[in-house]
Each structure stands twice: as C-alpha cells, then as structure tokens.
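Enquirer: Here it is, the structure, as structure tokens.
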Amino acid sequence: MLRSNMKAGNREAIGQSEAFLEFQERLSRVAPVNRPVLLLGERGTGKELAAYRLHYLSGRWQGPFVTINCAALLQTLIESELFGYEKGAFTGAAGRHTGRFEAADSGSLFLDEIGHIPMEVQEKILRVVEYNTIERVGSVDSVGVDVRLIAATNADLPALVKTGRFMRDLLDRLSFEVLFLPPLRQRRDDILLLAEYFAARMSFELGREEIPQFSDTAVRALVDYRWPGNIRELKNVVERAVYRSDTQQIVDVTFDPFRSPFEIIPEPERQQVTPPADEPPPSDGSYQDAVRRFQLRLIGKALQDAKYSQKAAADRLGLTYHQFRGLYRKFAAEIRRL
C-alpha cells in the first residue's frame, strides 16, 4: 500500500490496487525529468493531487507550486492571470500585476482544465514552452521564467485539435509524457481503504472518539457502486454517512442525496402489485428461475407490508434504498403483470 502524506493542504495519495500502484510508478519515473506532463482523467480522480506529487518528487520541490483552474476564469481574464499586466494595460489596471508564470518561477505551474484556454492564449503559452520568456499584458518587454508545466483535463484534446479549438503544436509540446489517472471503478481494492480513511477523518472532525465501522451491507454497497464521481464522490458519500449515523456502525449509505424520500409508486402500479402466493417453486423450473421467483415473491410481500413505500420495503428486507431500487427495476415488468 502506498500512502504519501504531504504538507501544504494535507495532500495524500492512498491506495493498494494494481491500477493505482502502476500509475504512481509511472508518475514517480517522470517526476525528476524536467519536461511538461499531461494528466488525463475523469472528474474526481485526483488530478491536482497527482500534479503536486509530480512537483514534490522533482528537483523543483523547494520551489513554488502554483495552480490555476482555467475553467473557473472568464476567457478574457486568463491571459492577464497567467502572464500578468502592466499599469494602464486596460481599464482598472491601476498597477503592475504579477502573473502565475512569474509566481511559479523556479517551480511548477499546474494548468487545470487546459482545454478551456482560448487559442490566442495557447499561442503565448507555446512561446513560454519554447523560449522560457513571457510578456505581460500591456508590455513589449520579455521576462525570463523557469517553470515546469503540468497540465490536466478530462477533455479529449486530440478531438479539440481536429475541431480547431486546441493547437496541435502546443499539444505536442505538453505531451512529453501523458499519464492517465485510473477511475475508482478500476481501483476496487482501494474503495474500502479510502472509505475507512475518510470515515476516520470525518469522525475526528465531529469530535467523536470511536472510529466508525461499515456493516457488511454498507461494504457491499460501496464496493458494487460504479462511482461516476470517483474519489470526490466517495468522500462525500462516506462523510455524509458518518455524520448521519448515531452509532459507531455505518449501516446505510446514500449515493444520491437528491433522491426524494417521499417518492411514490405511480397509482396504476400500486393497484396492480400483488405478491405471488407463498408456495414453493415448481420442481421443473431451472435454478435461476426458482431464485428469480423467490426474489419476486419477497419484493412483492415487502411492498405490500410496507404499504408500497419503497424505502420501508428496503428496510424490511435489510437492503439499502439504492439496492432495493435496483431490484425493483429488474422485476418491474413482472410486477406489473401480477
């Protein structure tokens, strides 16, 4: 298992899965090489953490690590934020402003969501990569900078090149090495490890003395979930479960906080749901058919006993609401025919 607890924002890399360790090995190999690196991955996979680790393991680790989220800025402001500006360069420029490139001198500059940078600014970045100089907005003087570029995105940059929204020359310069961050669904051995870590931190933040434990049902739900939001989503789900739990054991986890607890089965379905007779399955059926009929009978009876409240029916069966909804959708057509 690799666990790196780095200062400056409590940046940590935790994992033991093969996919995670392979990624960390590739990252560690390129970190000392003073060339640009491009990080590609889905949202929530930890691209900024990977960028900081690249900086921390490089020869620039004592220099500044400067970040800029290109998607969070208006395109008209990205140029002045990156390169700075001189007094009077535009309305409101009351004095000289140092940009992120100068701030990152002798260190690393992390360009997050680089696919959002407009073409004219891409041309200026390309010049920095090639000549190690910048020009502040409103100035014709060149300023030398020594910066390692690390860029990240979840966009398809080659596709942006084809549509004319990203410069091929800049992409070539940035892609000395391209590292793909593995999504959490490919790191199944890390899910529980990360969940326990986030749970312990949340418990400490709430001032609780005991470390939370996940029930078998909760563990299965966490491991079986696809995690489209990756580690960021896992952190939210676990922290929510810890703060809602009144005991040390976490039994239920909520994946979708926007799902209404008052969801009602449409009236026509409610009238047609009748549990099958409680009798043993015919002996001439296959094993899979017998299991399916048994599950259908359990779901139908739980719904009837719970007055057709799906949340209450899930509680009666010892399932999470998410698990019950999955089963209900699986048998919906058969339920309607009963």
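Laboratory data are not the source of any read-out in this text; all were calculated from the coordinates shown. Keep in mind the model is a prediction, meaning the values are calculated, not measured. Quick reminder, even Gly has a Cβ in these numbers, built from the backbone with ideal geometry, and neighbours come from all protein chains shown.
Enquirer: Excluding same-chain residues fewer than 8 positions from K124, which lysines have a Cα within less than 23 Å of its Cα?
Expert: Within reach: K87, K162.
Enquirer: Under the Karplus relation 6.51 cos²θ - 1.76 cosθ + 1.60, θ = phi - 60°, what is the ordered set of whole-Hz ³J(HN,Hα) values for segment 313-319, x standing for Gly and Pro?
Expert: So the Karplus estimates, Gly and Pro as x, are 5, 4, 4, 5, 8, x, 10 Hz.
Enquirer: Let me ask another. May I have the pair-distance distribution P(r) for segment 2-182, computed from all Cα-Cα distances with 10 Å bins from 0 and rounded to whole percent?
Expert: 9, 37, 35, 15, 3, 0
Enquirer: Please check the chain for the longest run free of GluC sites (Glu not before Pro) that are loop-located per DSSP (anything but H, G, I, E, B) and have at most 10 other Cβ atoms within 10 Å.
Expert: 1-208
Enquirer: Provide Rg and Dmax in Å for the chain, with only Cα atoms included in the calculation.
Expert: 26.8, 88
Enquirer: I would also like to ask the following. Along Cα→Cβ, 7 Å out, is where each label goes; now give me the distance between the ones at R29 and E135 in nm to one decimal.
Expert: Using points 7 Å along Cα→Cβ, the separation is 4.0 nm.
Enquirer: Using only DSSP helix segments of four residues or longer, with each worth -39500 (n - 2.57), what per-residue ellipticity at 222 nm results for the chain after dividing by its residue count and rounding to 500?
Expert: -14000 deg cm²/dmol
Enquirer: Please give me, ordered by residue number, the chymotrypsin sites (Phe, Trp or Tyr not before Pro) of segment 138-189 that lie in loop per DSSP and have at most 16 other Cβ atoms within 10 Å.
Expert: In loop regions of segment 138-189 (DSSP not H, G, I, E or B), the sparsely surrounded chymotrypsin sites (Phe, Trp or Tyr not before Pro) are F176.
Enquirer: Need the C-alpha centroid separation for segment 301-334 versus segment 132-211, integer Å.
Expert: The two parts, judged by their Cα centres, are 41 Å apart.
Enquirer: Can you list the residues, at least 5 places off or on another chain, whose amide H is less than 5 Å from the amide H of F214, using H built in the peptide plane?
Expert: Excluding prolines and chain starts, which carry no amide H, the hits are I250.
Enquirer: For Y287 and R232, what is the calculated FRET efficiency with R₀ set at 41 Å and r taken between the beta-carbons, to the nearest 0.05?
Expert: That gives a FRET efficiency of 0.50.
Enquirer: Once label points are set 7 Å from the Cα along Cα→Cβ at both K87 and Q295, what is their separation, rounded to one decimal in nm?
Expert: Label at K87, label at Q295, 7.4 nm between them.
Enquirer: Relative contact order for segment 10-157: what percent, with Cα pairs under 8 Å and sequence separation of 6 or more?
Expert: After rounding, I find 28 percent.
Enquirer: Explain nothing, just the number: relative contact order of the chain, from Cα pairs under 8 Å at least 6 residues apart, as a whole percent.
Expert: Computed over the chain, the figure is 16 percent.
Enquirer: Something else about it: Quick one: which residues, 5 or more positions from T67 or on another chain, have an amide H under 5 Å from its amide H? H modelled 1.01 Å from N in the peptide plane, none for Pro or chain starts.
Expert: Residues meeting the criterion, in which the H sits 1.01 Å from N, are F110.
Enquirer: Can you give the Kirkwood hydrodynamic radius for segment 186-250, in Å, rounded to one decimal and based on Cα pairs?
Expert: Evaluated over segment 186-250, this radius sits at 11.8 Å.
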